[in-house]
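To start, the structure itself, in structure tokens.
The values are calculated or read from the model by the stated rules, or taken from the named source; none is laboratory data. Fair warning: this is a prediction, and the values are worked out from it, not measured in the lab. Don't worry about glycine lacking a Cβ; one is built from the backbone with ideal geometry, like all the others, and counts go over all protein chains shown. Areas reflect the complete protein model, heavy atoms only, side chains present, ligands, DNA and RNA absent. Shrake-Rupley method; radii C 1.70, N 1.55, O 1.52, S 1.80 Å.
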Amino acid sequence: MSFPHPENRFAPDALSAWDGRGAVLLHERNDDRYAMFLERAHPTTPAQAEQGDEVAAIAGSVSRRLAVPAPAGLLRLQDRAAARKEQLCREARDFPGALPSRTMQAATATVRELAHHQPDTLIRGDLSARNILAGPREPWLAVDPKGWVGDRAYGCGTLTKSRSVVLAAQGDLARGIDRTLDAFTSAAELDRERARRWAQLSAVQAAMEPNVLDSSRSLTS
């Protein structure tokens, strides 16, 4: 069961569309109560079971398996494009000089060039290692989907952010991010540059949040 929230509304629809392909099975649903009866998965995440680039490769493989035509009526990422652009412009005004101008311009260009036209593909939405669990039928299964429609490369942003602390602790964050991009896009069969641009946009948005700017600066370049 989950609390009522717009982003939880379409999780049952996503799980129904996947029907166990790369995600936990949905046995029953009660939308009025935001309740689902799901296949049991093990509490082990890729980050707990694997090391290094294999974590990103697992996430990429799961992303590829979840790529199916989206059911009608789900939230479309392209519908948020105008709000994303407005947010970036507002943050640039409110925090002048917080990030280099070229960094903000690159993020804005991603919204302008990639966000407005996206495929009708069902995506998990918030892809990170903690939202993938060891499964009884398949090695790894996605859980807790957002049920969004859009570009699969979008998920690389959440993945790189979720891995950034571990990668920074290894001493070379920039190289770690490059390896993560390589492993994820290879396994997901995605265009690396497209995924990198989504990841950069996601990092900029995270960096502009209060008390996050300094720790996120390396991800945005």
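Identify, please: which residue in region 186-221 is modelled with pLDDT of 95 or more and outside any helix (DSSP H, G or I) and is, among those, surrounded by the most Cβ atoms within 10 Å (Cβ to Cβ)?
190
In region 1-60, which residue that is among the aromatic types (Phe, Trp, Tyr) and surrounded by 13 or more Cβ atoms within 10 Å (Cβ to Cβ) is farthest from residue 184 (Cα to Cα)? Write out each step before concluding.
From region 1-60, those among the aromatic types (Phe, Trp, Tyr) are 3, 10, 18, 34, 37; that's our starting set.
Adding the requirement that they be surrounded by 13 or more Cβ atoms within 10 Å (Cβ to Cβ) leaves 10, 18, 34.
Numbers: 10: 25, 18: 21, 34: 32 Å.
It comes out as 34.
Can you tell me how many residues in region 71-94 are touching a Phe, Trp or Tyr at 6+ places or on another chain (Cβ under 9 Å), aliphatic (A, V, I, L, M) and either more than 29 Å from residue 186 (Cα to Cα) or open to solvent by less than 30 Å² (accessible area, probe 1.4 Å) (or both)? Outline the logic, then answer.
Step one: list which residues in region 71-94 are touching a Phe, Trp or Tyr at 6+ places or on another chain (Cβ under 9 Å), which gives 71, 73-77.
Within this subset, residues satisfying the condition of being aliphatic (A, V, I, L, M) are 74-75, 77.
Restricting the remaining residues to those that are either more than 29 Å from residue 186 (Cα to Cα) or open to solvent by less than 30 Å² (accessible area, probe 1.4 Å) (or both) gives 74, 77.
The qualifying residues number 2.
Name every residue in region 100-117 that is closer than 21 Å to residue 80 by Cβ and either outside any helix (DSSP H, G or I) or in contact with a strand residue (DSSP E or B) (Cβ under 7 Å, 6 or more places away or on another chain) (or both), in order of residue number.
116, 117
Is there any pair linking a residue in region 1-18 that is over 17 Å from residue 67 (Cβ atoms) to one that is of a type in the set (Lys, Arg), with Cβ under 6 Å and at least six apart or on different chains, and which?
7/146; 12/29
Counting only residues that are among the basic types (Lys, Arg) and out of contact with any strand residue (DSSP E or B) (no Cβ under 8 Å at 6 or more places or on another chain), how many does region 118-142 have? Give the derivation first.
The first filter runs over region 118-142 and keeps only residues among the basic types (Lys, Arg), leaving 124, 130, 137.
From what is left, the residues that are out of contact with any strand residue (DSSP E or B) (no Cβ under 8 Å at 6 or more places or on another chain) are 130, 137.
Result for region 118-142: 2.
For the condition outside any helix (DSSP H, G or I), surrounded by fewer than 18 Cβ atoms within 10 Å (Cβ to Cβ) and at positive phi, what is the one hit in 97, 125? Don't jump to the end; show me each part of the working.
Numbers: 125 fails: surrounded by fewer than 18 Cβ atoms within 10 Å (Cβ to Cβ).
After applying the criteria, what remains is 97.
In this structure, does residue 66 turn out to be open to solvent by 40 Å² or more (accessible area, probe 1.4 Å), of a type in the set (A, V, I, L, M, F, W, C) and more than 22 Å from residue 164 (Cα to Cα)? Don't jump to the end; show me each part of the working.
Values: open to solvent by 40 Å² or more (accessible area, probe 1.4 Å): no; of a type in the set (A, V, I, L, M, F, W, C): yes; more than 22 Å from residue 164 (Cα to Cα): yes.
So residue 66 does not fit the description; no.
Looking at region 129-185, which of the residues that are basic (Lys, Arg) and open to solvent by less than 70 Å² (accessible area, probe 1.4 Å) is farthest from residue 36 (Cα to Cα)? Before you say what the answer is, go through the steps one by one.
Step one: filter region 129-185 for residues basic (Lys, Arg), giving 130, 137, 146, 152, 161, 163, 175, 179.
From what's left, open to solvent by less than 70 Å² (accessible area, probe 1.4 Å): 146, 152, 163.
Values: 146: 14, 152: 25, 163: 29 Å.
Taking the candidates together, the pick is 163.
It is to be established whether one or more residues within region 70-81 are touching a residue at least 12 places away in the same chain (Cβ under 8 Å), under 22 Å from residue 140 (Cα atoms) and of a type outside the set (Asp, Glu).
So in region 70-81, the residues touching a residue at least 12 places away in the same chain (Cβ under 8 Å) come out as 70-71, 73-78, 80-81.
Applying the additional criterion that residues be under 22 Å from residue 140 (Cα atoms) yields 70.
Narrowing further to those that are of a type outside the set (Asp, Glu): 70.
Scanning region 70-81 turns up at least one residue that is touching a residue at least 12 places away in the same chain (Cβ under 8 Å), under 22 Å from residue 140 (Cα atoms) and of a type outside the set (Asp, Glu).
Answer yes if at least one residue in region 12-29 is farther than 22 Å from residue 122 by Cα and modelled with pLDDT of 95 or more, and no otherwise. Write out each step before concluding.
Going through region 12-29, the residues farther than 22 Å from residue 122 by Cα turn out to be none.
No.
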